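Derivation of every value follows stated rules applied to the coordinates shown; laboratory data play no part. Source: prediction; values computed, not measured. Glycine gets a Cβ as well: all are built from the backbone with ideal geometry, and neighbour counts include every protein chain shown.
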Amino acid sequence: MPSYRPGNADDFDRLYRDSYARILRTLLGVLGDPAAAEDCAQETFVRAYQAWSRWRPDAPAEAWLHRIGLRVAFSHRRRERLREVSNLVRRLGRPASAVDPVEASSGADLLAALHRLPPAQAAAIVLRHHHGYSNREIAAALGVPESTVSSRLTMAKDRLRRELGDAVVELSLQVADEPTRYPAAAGRSSQ
Amino acid sequence: MTNRLDDLIEQGLAASFARVDSRPPLQPRYLASRSATRRWRVAPALAGLPAALGTKVAVALAAATIAGTGVAAKAALTGNPNPLTWGGQAQPPARACAGGPCPGTPTGGRAAAPALPTPAATASPGADRGGASVALPSVDGRGDAGVRAHGAGGGGTPAGPAAGRHQEADGQSPATDGHGSHGTSGHGASDGGERPER
C-alpha cells in the first residue's frame, strides 16, 4: 500500500494519479453515465483535497476517497431521481423492453441494471466484483459494518438476477464453457 | 449459479469500463481550489491595500484641495499670503461704527434710513454707498486696522483723493476722516463708520 502524508500536496497529486481511474469506475458503476461519473470523480478529489490535512493514515487512502466519492455519487443520484420523476410518470404502463442477451453480454445492460439498484448496493457490487475489495474494505469505503456489506451484496445479486432474467442463465452457460477470468484481481495487481 | 453470476458481473463490468477513458485529466479540478487557497492565504494582508490606499489618498487630496482653496481665497482677499498677518487687519466694530449705529444692526427702526443708499449720499465722496458694514474683530488686539466687508454698493463713485490710500494701523487713528477704507480693499470707498452726509 503506498504511503501518503496528510496535507502534503505532492502526495495528494500522487494519490490522484493512482486512484482516479478506480474512483471513476466505481462511480460509473453507481451512476451509469460516464459524464456524470467524471464530474463526480472530479468533485470527489476537490472535497478530498479540502480534507486532505485531516486524513488519518490508519485507513487506506483509496477507501477514504471511495467514501467521499460515493457520498458525492449518492447525492447526484438523489438529484437525478428527482429530475426523472416526470419521465417515470410518462413511462408508467409501458411494457418493459425485453433484455437483449448480446447487449447484456457487452455490459451495457449490466450497467443499466446496476443503475437501477440502490446506489449503496451498486457500489458494493462494483467494489467487490471489479476492484476485488474484501468485505472489510467495502465496509470502510461505505462506512457501514461488514455484516451490512454481506447483506447488501446478497440483495444486489438477487435483484440483478431478476433484472437480467434469461440473459443471466444464457450467458452463465456460455461463461461456464470459458476459463474463469478475474479482471478485478488483474486490475489491483497493476496498481 | 451464483459463481456464474459473479463471473458475468465481472466480465460485464470490465467490458463496460473498457469503453470509458479512465485516464486522469491533466488539469484536475482540485488544482483550481489549491491555487484559490494559496491566494486566500496570501491575500489577507494585501487584499484591502488598494482600497485602503485609494481611500486615504482620496481623503488626503480632498483635504489638500479644501485647504489650498481656502488659503488662496484668503490670500486673494487680504493680498497677503502670510496667514499670520490676516488677523491683524481687522477693525474693531466699535470704532467703525462710532458716531452712529452700524448699518444692519437692530436699531428699532430709528436708524434704518442711514443704511439705505440715497442719491445724495451716493453722490458725495466718501459717503456710504449702501453697503452693510461688518467689521471683523481684531485678533491681535492692535486696534483699528482691519478688513471690512463692503456692501453691495461698495463700488460706485470714486472715493476721492484718499482712494486706495493705505493707512497704517496705529491703534489711535480711527477711520473717521471719511477718506476711505482701511485695509486691503483698495476701493477707497468710505463705508460703515462714516456717517453719510445729510
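Here are some notes:
- Label positions at B:Val59 and A:Arg116, each projected 7 Å from the Cα along the C-beta direction, are separated by 7.1 nm.
- Label separation (B:Lys74 vs B:Val20): 8.0 nm, computed from points 7 Å beyond Cα along the C-beta direction.
- The mean count of C-beta atoms from other chains within 10 Å of the C-beta of residues in A:49-59, rounded to a whole number, is 1.
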